[in-house]
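Here the structure comes first, spelled out in structure tokens, and everything after it is commentary.
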């Protein structure tokens with residue numbers, strides 16, 4: 001489609017020139033890479049296996065294939081990237097803490113349990129398609145999806161700040177400096193660059209500036225220990241061989257240990273309760289920003305992404321299955337990429353398709369050349385500086401979603417539900433129910449918030465029946481949205 005230069009930005013059905021699209025794709029790839037790889041690194045470090053259970057190249061490839069699968073299922077109407085979900089990390093940790101099997105059998109059990117979780121997302125999408133989004137809005141209204149998005153961003157605040165500050169010898173002030181430089185570069189560029197192509201790549205430019213300062217200051221003077229030591233760590237970093245985590249190995253192995261498989265299912269299946277509201281929040285966020293851009297165009301086209309929650313959940317669940325079968329972790333639509341799109345005003349599905357293809361190519365090259373952990377090339381302070389900006393943006397987008405939905409924050413029911421989700425989601429990492437099962441804080445907040453809202457809605461309805469003509473009328477169950 002012909003580029004429209006009246007308003008900077010690209011809508012889902014628009015295509016930048018190939019050269020620009022590649023740069024946009026590179027930016028989206030770099031945005032997703034740290035979190036996707038970090039999730040694998042964290043889970044690999046939770047068990048007793050020296051090299052872990054996940055292959056880093058496989059995780060990157062899986063995210064790319066899953067993204068392309070998602071785009072194909074949704075016919076390119078929902079521009080999102082799919083990557084490893086941090087919500088699954090505690091559940092995977094439970095499995096790793098309760099296994100005596102080898103790493104392939106353990107990964108197989110996690111794979112099968114994750115497929116079941118993916119089927120739950122698909123089932124939720126089918127229910128919406130059959131019964132309508134209005135019914136689901138009663139379960140997942142704006143004050144729930146908005147709060148979930150907010151606490152997902154804020155829940156990562158501690159990890160981000162400790163990653164910036166903490167060093168074995170104390171505070172690494174060089175790390176702090178590089179993180180601040182990276183963050184300020186992105187923030188200043190988003191404020192000062194208003195027109196043209198360069199205004200759409202502030203995150204990529206911020207990464208570049210941060211990397212330059214990292215190699216000038218942090219690597220030789222900070223906790224990296226000098227160039228020789230740092231690049232030796234990158235070169236020596238090993239991952240599980242790609243072919244070892246392919247389905248012809250993992251799926252048969254997963255059925256060898258039925259006790260382990262039961263633990264995996266009990267631990268992983270409930271995580272879908274966290275990722276479904278998270279996925280719904282991302283759809284609403286994308287709709288908000290896409291239509292804001294579209295409204296700046298003369299034709300003012302409504303892309304109606306907010307009405308596609310069913311397609312999104314079906315695509316999300318399918319992407320889960322595709323990713324885990326290819327040896328990667330289960331995942332979700334990436335808020336980091338939504339933030340990047342919101343900042344750059346680039347929502348082209350074509351760009352996300354190229355991003356998925358780029359992930360596949362990079363994953364294959366990592367496996368072929370065995371060059372270690374590519375995420376270390378960006379340096380930890382740069383990753384944390386970008387995370388400081390993007391995770392905060394995720395939280396702000398949750399607030400923006402609730403503002404757009406005109407949520408009545410003076411409604412006692414809304415206050416109660418938001419209070420529960422916020423405090424529980426941020427105050428609890430996980431609750432250990434027994435030796436084989438924990439409840440992750442975000443999942444507990446999401447599921448508990450849904451149940452609390454349903455209970456209070458029921459009470460409001462009963463009050464209306466008891467006093468239909470007396471006293472102050474009860475507010476509507478859910479304020480009608482100003483649909484565009």
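The values are calculated or read from the model by the stated rules, or taken from the named source; none is laboratory data. These numbers were taken from a predicted model, which means no experiment stands behind them. Cβ: placed from backbone, ideal geometry, glycine included. Neighbour counts: every protein chain shown.
For residue 59, the conditions (1) touching a strand residue (DSSP E or B) at 6+ places or on another chain (Cβ under 7 Å); (2) surrounded by fewer than 24 Cβ atoms within 10 Å (Cβ to Cβ) are fulfilled apart from (2).
So residue 346 fits all but one of (1) under 22 Å from residue 20 (Cβ atoms); (2) out of contact with any strand residue (DSSP E or B) (no Cβ under 7 Å at 6 or more places or on another chain); (3) in contact (Cβ under 8 Å) with a residue 24 or more places away in the chain; what number is the exception? Going through (1) under 22 Å from residue 20 (Cβ atoms); (2) out of contact with any strand residue (DSSP E or B) (no Cβ under 7 Å at 6 or more places or on another chain); (3) in contact (Cβ under 8 Å) with a residue 24 or more places away in the chain one by one, residue 346 breaks only (2). Filtering the stretch 96-106 for residues that are modelled with pLDDT under 85, surrounded by fewer than 20 Cβ atoms within 10 Å (Cβ to Cβ) and either closer than 18 Å to residue 322 by Cα or under 14 Å from the mean Cα position of the chain (by Cα) (or both) leaves an empty set. Within the stretch 72-95, the set of residues being at pLDDT below 90 and in a helix (DSSP H, G or I) comprises 86, 87, 88, 89, 90, 91, 92, 93, 94, 95.
Considering only residues in the stretch 129-147 that are surrounded by 16 or more Cβ atoms within 10 Å (Cβ to Cβ) and modelled with pLDDT of 85 or more, the one that is farthest from residue 249 (Cα to Cα) turns out to be 143.
Taking the stretch 340-428 as the region of interest, the helices (runs of 4 or more DSSP H) fully inside it that hold 3 or more residues being more than 23 Å from residue 280 (Cβ to Cβ) are 349-369, 380-404. Filtered by the rule that a residue be over 19 Å from residue 450 (Cα atoms) and either in a helix (DSSP H, G or I) or under 22 Å from the mean Cα position of the chain (by Cα) (or both), the stretch 277-303 gives 285, 286, 287, 288, 289, 290, 291, 292, 293, 294. Within the stretch 241-256, the set of residues being outside any helix (DSSP H, G or I) and closer than 22 Å to residue 37 by Cα comprises 241, 246.
Residue pairs whose Cβ atoms lie under 7 Å apart, sitting 6 or more positions apart in sequence or on different chains, and linking a residue in the stretch 277-301 that is free of Cβ contacts under 8 Å to residues at least 24 places away in the same chain to a partner that is in a helix (DSSP H, G or I), are 287/305; 287/306; 300/294. Of all residues in the stretch 223-240, those satisfying the criterion of being part of a loop (DSSP other than H, G, I, E, B) and at pLDDT below 85 are 223, 224, 225, 237, 238, 239, 240. Scoring residue 328 on the criteria (1) in a loop (DSSP other than H, G, I, E, B); (2) over 15 Å from the mean Cα position of the chain (by Cα); (3) closer than 25 Å to residue 148 by Cα leaves a single failure, condition (2).
Mind checking whether some residue in the stretch 45-55 is within 30 Å of residue 344 (Cα to Cα), more than 16 Å from the chain's Cα centre (by Cα) and not in a helix (DSSP H, G or I)?
No.
Just so you know, in the stretch 1-34 the residues that are touching a strand residue (DSSP E or B) at 6+ places or on another chain (Cβ under 6 Å) and crowded, with 23+ Cβ neighbours inside 10 Å include one that is modelled with the lowest pLDDT, and it is 32. Tell me yes or no: at least one residue of the stretch 214-225 is farther than 25 Å from residue 26 by Cα and touching a strand residue (DSSP E or B) at 6+ places or on another chain (Cβ under 6 Å). Yes: one or more hits. Based on this model, can you work out whether residue 109 counts as under 16 Å from the mean Cα position of the chain (by Cα) and either assigned to a helix (DSSP H, G or I) or modelled with pLDDT of 90 or more (or both)? No: the conditions fail for residue 109.
Of the residues contained in the stretch 112-121, one or more are found to be in contact with a helix residue (DSSP H, G or I) (Cβ under 8 Å, 6 or more places away or on another chain), modelled with pLDDT of 85 or more, surrounded by 24 or more Cβ atoms within 10 Å (Cβ to Cβ) and closer than 23 Å to residue 287 by Cβ.
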